[in-house]
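Since the structure comes first, as structure tokens, the remarks are kept for the end.
No value in this document is a laboratory result; all are computed from the given coordinates. This one's a predicted model, so the numbers in the text were calculated from it and none came from an experiment.
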Amino acid sequence: MAVKVFDKPDGKVRLDAISADPPKGMTREKAEERFATLGQELFDLQDAMFGSRVNSVMVVLQGRDSAGKDGAIKHVVGCLNPRGVIVTSFGVPTLEERQHDFLWRVHRHAPRLGEFSIFNRSHYEDVLVVRVHGLAPKSVWKERFGHIRDFEELLAEHGTVILKYFLHITKEEQEERLLEREEQPDTAWKLNPNDWKERDHWDEYTGAYEDAISRTAAKHAPWTVVPANAKWYRNLVIAESIVEALRGRRKDWEKTLDEMGKSGRAGLDAYRAQVAAKK
């Protein structure tokens, strides 16, 4: 798939140079057929990870208003067993959260071994919204890039697979989606005049996202720019990316599961021997 992945903190990101549309030749039918296949593999991978408790996964979803974060969660998380998934939406910080460092509220929701944590927005809001609206001086939010890199490196060192996605849509597509919300009863609850006001800062957000991606991309915490104008392609890209990131770990998980099984059988045999000796 023609998808741009950034895994080094030294390249300049130009979002305007990246298409928000599916590549030529990709159809909805092809994407949905592939997505169904990946969904089963993703479920199996999660099952092995949950049992082995060797790794965890943190999925970060970022994007402009109406970019499709909720939709991506609905479809991709729908492939997973809810037993091992926690979804957290980060809105305006509460009073308690504002009285701690900016990473405090996020670290609390980092996944335990064996689990998935899906973030609808994340710690990146503190170098995006905060920057665009001047909620903190540049001297403060600029230092946060380093804190974010250290935070994600810490999680990775403790077995967390970090996958970050920017859902890339055009300004025209966003307008269509915002207008559509007004016409659909099931999405009317999302109506917010701030969504339209934020469009006045489109270019400022573009620069903020470009800096956030380029400054925090790393091998252990890559950014994928997801062409998200077509929702069905967005879902495929995210599912494909997660499966590819986890597939190579499956043998280690299965080895751990096998060892756990041997230990369990040995314990069961010992117990049965004790029971038999008492008869």
Quiz item: Rounded to the nearest 500, what is the chain's calculated 222 nm mean residue ellipticity when only DSSP H runs of at least 4 contribute -39500 (n - 2.57) each, over all residues?
Solution: -16000 deg cm²/dmol
Quiz item: If the chain were replaced by its equivalent ellipsoid, with semi-axes equal to the square roots of 5 times the Cα gyration tensor eigenvalues, what would those be, largest first, whole Å?
Solution: 38, 23, 18
Exercise. Once you've got the Cα coordinates, tell me which of K142/K231; K30/K74; K69/K171; K74/K197; K12/K142 are over 22 Å apart.
Key: K142/K231; K74/K197
